[in-house]
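Report on one structure; see the data block that follows.
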Amino acid sequence: MRAIVVDFAIKFRPKPRGDFSPDRPIDDAIPGTTPRQQISNTSVPLLLNWRRQRSDTGAMAGSVDLPLVDLASPDLRAAAASVRQACVEHGFFYVTNHGVDAALVEAVFAESRRFFGLPMEEKMKLQRTNHRGYTPPYAEKLDASSEFTGDLKESFYIGPIGDSDMQNDLNQWPSEERFPSWKETMKLYIATVLDTGTRILSLIALGLDLDAEFFHKIGALDCPSTFLRLLHYPAEVNESDSGNYGASAHSDYGAITLLVTDGTPGLQICREKDRDPQLWEDVHHVDGALIVNIGDLLERWTNCVFRSTLHRVVAVGKERYSVAFFLDPNYDTLVECLESCCSEADPPRFPPITSGEYITGRINSTYK
Ligand SMILES: O=C(O)CCC(=O)C(=O)O
Ligand SMILES: [Fe+2]
């Protein structure tokens with residue numbers, strides 16, 4: 001194949017989708033362009049029900065029927081084709097028969113509920129350092145352009161688990177006295193969901209006409225950057241938070257995310273990032289399924305053949321818990337356009353970048 005040489009200073013542009021106007025200036029070099037929020041200033045009573053957000057902001061287009069992929073399918077080629085179609089059309093899909101035991105998921109939620117139920121001063125003892133530990137409400141702003149102080153959710157991050165002797169482990173763990181099964185539960189969940197994610201990446205590789213072991217072979221999974229984010233969204237918010245989001249609009253940064261929720265609605269996706277007004281669709285809960293979504297690095301790798309879809313969490317007047325697992329390549333993996341995703345007519349849209357440089361930049365812009 002002929003090498004495609006591109007002057008990125010001139011050509012580096014996120015790919016337009018949908019109703020994108022070619023005349024609109026692109027002011028954000030990071031794919032996942034900034035959403036335009038339409039926030040009403042209507043005054044609402046104290047402790048408002050978040051359901052108001054539905055009528056106050058953006059356009060809603062009902063709920064979306066995401067594709068569902070059976071990971072136990074004996075027909076790998078057919079499963080890979082379904083994954084590809086899901087990544088091209090939605091950037092989101094469900095997986096069933098994923099090998100993550102329901103009892104393990106329940107155990108993770110139980111630990112998470114117990115931790116978030118602690119008094120704030122206790123939680124703050126494990127405040128986020130090295131991107132590991134607790135982040136209180138308002139500490140994160142997933143949509144950097146949002147006019148609000150920060151997202152309403154609180155989170156807890158667990159990074160890659162270190163060697164067996166834990167020497168390289170930068171994680172913060174709640175005290176074993178109070179949380180005797182926390183660490184083992186989280187470690188088991190991370191190992192299990194990593195295995196599932198690795199199988200999904202094989203299907204993704206096959207769907208891109210690559211070797212099923214492609215991501216292994218380039219070393220992207222030698223020491224993957226895995227982050228588990230436990231999330232808790234409050235049921236009620238204060239008047240000053242009117243229009244604020246549980247998690248504001250964003251696309252995930254890395255390769256793929258595997259998400260479980262407690263079944264409480266609130267997750268919405270916007271498939272056309274550049275459409276104005278944006279159209280948001282509810283993602284409904286499928287019992288026992290994991291939700292998988294594509295991150296920006298995979299969008300870059302595939303030259304926007306796959307979409308890293310904008311998503312957000314609005315609240316529905318009910319407390320909500322979820323657990324997101326971000327499976328990203330080792331930090332030294334060079335992410336450059338796959339040959340099968342570019343041509344002379346459709347040259348690479350992004351310059352090569354290491355996974356670490358890209359993800360660190362994105363994380364840094366999320367925090368004030
Ligand atoms: O809580 C959810 O359903 C989504 C969370 C999310 O998008 C994230 O943590 O990146
Ligand atoms: Fe996300």
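The values are calculated or read from the model by the stated rules, or taken from the named source; none is laboratory data. Quick caveat, the model's predicted, so the values are computed rather than measured. Cβ coordinates were reconstructed from backbone atoms using ideal geometry, including for glycine residues, and neighbour counts include every protein chain displayed. Ligands, DNA and RNA are stripped out before the accessible areas are found, and what is left, the full protein with its side chains, is counted by its heavy atoms. Shrake-Rupley method; radii C 1.70, N 1.55, O 1.52, S 1.80 Å.
At-a-glance table
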item: Dipole moment magnitude, nearest 20 debye, the stretch 68-128 about Cα centre, only Lys, Arg, Asp, Glu C-beta charged; result: 260
item: Between the stretch 260-325 and the stretch 69-99, the Cα center-to-center distance that results, in Å; result: 16
item: Cβ-based charge dipole, the stretch 297-368, positive-most Cα from Leu338, Phe325, Pro348; result: Phe325
item: Solvent-accessible ranking of Met186, Met60, largest area first, probe 1.4 Å; result: Met60, Met186
item: Listed residue pairs exceeding 27 Å between alpha carbons, taken from Lys153/Lys273; Lys125/Lys187; Lys141/Lys217; Lys153/Lys217; Lys123/Lys273; result: Lys141/Lys217; Lys153/Lys217; Lys123/Lys273
item: Long-range HN-HN contacts of Thr354 with modeled amide H, under 5 Å; result: Val335
item: Span per principal axis, largest first, for the Cα atoms of the stretch 71-130 (Å); result: 51, 26, 19
item: Residues with amide H under 5 Å from that of Leu279, placed H, sequence gap 5 or more; result: Glu272
item: Average accessible surface area per residue within the stretch 87-236, 1.4 Å rolling probe, Å²; result: 42
